[in-house]
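Have a look at the structure below before the remarks.
The values are calculated or read from the model by the stated rules, or taken from the named source; none is laboratory data. Note that the structure is a prediction, hence the values are computed from the model and not measured. All Cβ positions, glycine included, derive from the backbone under ideal geometry; neighbour counts span all protein chains shown.
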Amino acid sequence: MLAVMKRQITKEEMEELLVNIREKVPGICLRTTLIAGFPGETPDDVEELKAFLQQQRFDRVGIFTYSHEEGTSAYHLTDNIPTQVKERRAQEIMEIQQEISYEKNFEKVGKSFKVLIDKREAGRYLGRTEFDSVEVDNEVVIHSDKEIPIGEFTNVRITKAYDYDLEGEVVD
């Protein structure tokens, strides 16, 4: 599939690259974005991708279904996978990532992180760790009687983990 998608890397090269990155930057947060239903994708390809995700355990994963768009290098390929199949495959992949995300979040409980405070809403603060993108990645929910400056980093100890979000308390 990587060759058909015109990616200039093999699975083996990608695995080696990920090992090297993790060795050189311990604690790095790795993310990737995937396509479900690319023309010619088989059930075996999907299973291989699921196994790859389970092996690599990315911190964040996004997925979208293939759409046949003029001007792309894949436009000449036949869009041969029904929309329902694309959506089911994307859902199956995200179910695997949901488990990985929960496990990775659970590992954060009891640890402190720099959290950028984005807003105050419904009597709580919402922020994100220094590893997360706004409106895309995990949020950290912080209950605090003290005012926390919006737009600034504060240290937060994680007290609870969910599939995609965390809860924590300010650490002085």
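The table that follows gives values for the structure above.
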| quantity | calculated |
| --- | --- |
| The range 53-92, subset among the hydroxyl-bearing types (S, T, Y), outside any helix (DSSP H, G or I) and more than 22 Å from the chain's Cα centre (by Cα), residue nearest to V140 (Cα to Cα) | T72 |
| Pairs with Cβ under 6 Å, 6+ apart, first in the range 81-104 and in contact (Cβ under 8 Å) with a residue 60 or more places away in the chain, second surrounded by fewer than 18 Cβ atoms within 10 Å (Cβ to Cβ) | Q98/D163; S101/D163; S101/Y164; Y102/D163 |
| Hey, E95 of a type in the set (D, E) and in a loop (DSSP other than H, G, I, E, B) or not | no |
| Filter result for the condition that a residue is among the acidic types (D, E), out of contact with any Leu (no Cβ under 7 Å at 6 or more places or on another chain), surrounded by fewer than 13 Cβ atoms within 10 Å (Cβ to Cβ) and not assigned by TED's automatic domain parsing to the domain that holds R57, over D137, D145 | D145 |
| Filtered residues of the range 15-42 (kept if within 30 Å of T129 (Cα to Cα), surrounded by 12 or more Cβ atoms within 10 Å (Cβ to Cβ) and in contact (Cβ under 8 Å) with a residue 12 or more places away in the chain) | E15, L18, C29, L30, R31, T32, L34, I35, A36 |
| Tally of residues being over 21 Å from V19 (Cβ atoms) and in contact (Cβ under 8 Å) with a residue 60 or more places away in the chain across the range 43-77 | 4 |
| Matching option when the condition is of a type in the set (K, R) and assigned to a loop (DSSP other than H, G, I, E, B), among K146, K160, K114, K119 | K146 |
| Some residue of the range 56-66 being surrounded by fewer than 11 Cβ atoms within 10 Å (Cβ to Cβ), farther than 23 Å from E15 by Cα and not aliphatic (A, V, I, L, M) | no |
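Results for (1) among the aromatic types (F, W, Y); (2) out of contact with any strand residue (DSSP E or B) (no Cβ under 8 Å at 6 or more places or on another chain), shown as yes or no for each residue.
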{"residue": "A51", "(1), (2)": "no, yes"}
{"residue": "F58", "(1), (2)": "yes, no"}
{"residue": "I63", "(1), (2)": "no, no"}
{"residue": "I81", "(1), (2)": "no, yes"}
{"residue": "E95", "(1), (2)": "no, yes"}
